[in-house]
1. Look at residue 197 and say whether it is farther than 30 Å from residue 83 by Cα and more than 50 Å from the chain's Cα centre (by Cα).
2. Residue check: is residue 148 in a helix (DSSP H, G or I), in contact with a helix residue (DSSP H, G or I) (Cβ under 8 Å, 6 or more places away or on another chain), of a type outside the set (Lys, Arg) and farther than 23 Å from residue 45 by Cα?
3. Sort out which residues of the range 33-47 are small (Gly, Ala, Ser) and open to solvent by 70 Å² or more (accessible area, probe 1.4 Å), and write them in order of number.
4. Out of (1) of a type outside the set (A, V, I, L, M); (2) assigned to a helix (DSSP H, G or I); (3) surrounded by fewer than 18 Cβ atoms within 10 Å (Cβ to Cβ), what's the single condition that is false for residue 87?
5. Taking residue 165, is it modelled with pLDDT of 85 or more, basic (Lys, Arg) and under 30 Å from residue 6 (Cβ atoms)?
6. Pull up the range 109-160, narrow it to residues that are open to solvent by 40 Å² or more (accessible area, probe 1.4 Å), of a type in the set (S, T, N, Q) and at pLDDT 90 or above, then point me to the one that is nearest to the chain's Cα centre (by Cα).
7. Which of the residues belonging to the range 52-98 are closer than 24 Å to residue 40 by Cβ and either touching a helix residue (DSSP H, G or I) at 6+ places or on another chain (Cβ under 8 Å) or hydrophobic (A, V, I, L, M, F, W, C) (or both)?
8. Condition first: over 14 Å from the mean Cα position of the chain (by Cα) and among the β-branched types (Val, Ile, Thr). Now tell me which residues in the range 1-55 satisfy that.
Amino acid sequence: MADDVKPTRKVLMQIEDRIELSERGHDTLEKKRDGLIMEFMDILDQAQDVREDLEANYQDAQRAIDIARATEGDVAVRGAASALKEHPEITTQSKNIMGVVVPQIESTKVQKNLQERGYGVLGTSARIDEAAEAYEELIDQIILAAEVETAMKKMLNEIETTKRRVNALEFKLLPDLHENQEYIEQKLEEQEREEIFRLKKIKAKKEEEEREEREQQQEDEKEQEPVSADD
C-alpha cells in the first residue's frame with residue numbers, strides 16, 4: 001500500500017491528521033464497546049432471571065390447566081376460554097441504551113378480575129379461576145421475556161459490529177497509515193540527504209570555479225606587468 005502513496009509533505013500531513021482522527025475514533029469505539037458489554041451483562045442477568053420465572057410460570061399454568069380439566073372437564077375449560085371478550089393489547093415503544101434502540105413492550109388487559117373474564121362466576125369453579133390467573137401471569141412473563149430477549153439480541157449485534165470496527169481500526173487502518181507515514185518520512189529523509197549532497201557538490205564546484213578564476217586572474221595580472229629596462 002505504501003508504494004502507491006506520493007512521498008510529499010502534504011500527503012504526510014494528511015496521513016498524520018487521519019492517524020490522529022482514527023486513534024480518537026478507536027478510543028471512542030473501545031469505550032462504547034466496553035460500555036455495551038457492561039449493559040449486555042446486566043441484560044443477560046435479567047434475561048436469565050426472566051427465563052427461570054417463565055419456566056416456573058409455565059409449569060404452574062400447565063399444572064393449573066391440568067387440574068381444571070381433570071375436575072371440570074375439557075368442555076367447561078374450553079367454554080370459559082371462549083367467553084373472553086377483551087383480548088390483551090400490546091403496545092411497543094423504544095428506548096436508547098448506549099446508542100442502541102431497543103423495544104419497550106407494554107401490555108394492558110392481561111390480568112383480569114372475575115367479571116372481566118367473561119364467563120359466569122356461578123358456572124365455573126375456583127380451579128378454572130386459578131388456571132385463568134396462571135395463564136394471565138404466564139402471558140405477562142412471555143411479554144417481558146420478549147422485550148428482554150430482543151434487547152439482548154440487539155445489544156449483542158451492536159457489540160459485534162463495534163468490535164469489528166475496533167479491530168478494523170486497530171489491525172488494518174492504523175497499521176496501514178503508520179506504514180505509509182514511515183514510508184513517506186523515509187523518502188523525505190532520502191530526498192533531503194540527496195538535496196544536501198547536491199548542494200554540497202554545487203558549492204564545491206562553485207568554489208573550485210572561483211579558485212580557478214582567481215588563479216587565472218592572477219596569471220593574467222602577472223602577464224600584464226610592465227618589463228623593467230634592466231631586464
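1. Taking the combined requirement at face value, the residue satisfies it.
2. no
3. none
4. Only one criterion is unmet by residue 87, namely (2).
5. yes
6. Only one residue fits best here, namely 157.
7. 53, 54, 97, 98, listed by residue number.
8. 5, 8, 11, 15, 19, 43, 50
The values are calculated or read from the model by the stated rules, or taken from the named source; none is laboratory data. Since this is a predicted model, take the numbers as computed values, not measurements. Virtual Cβ from ideal backbone geometry, glycine too; neighbours counted across all protein chains shown. All accessible areas refer to the heavy atoms of the entire protein, side chains included, with ligands and DNA or RNA removed. Shrake-Rupley method; radii C 1.70, N 1.55, O 1.52, S 1.80 Å.
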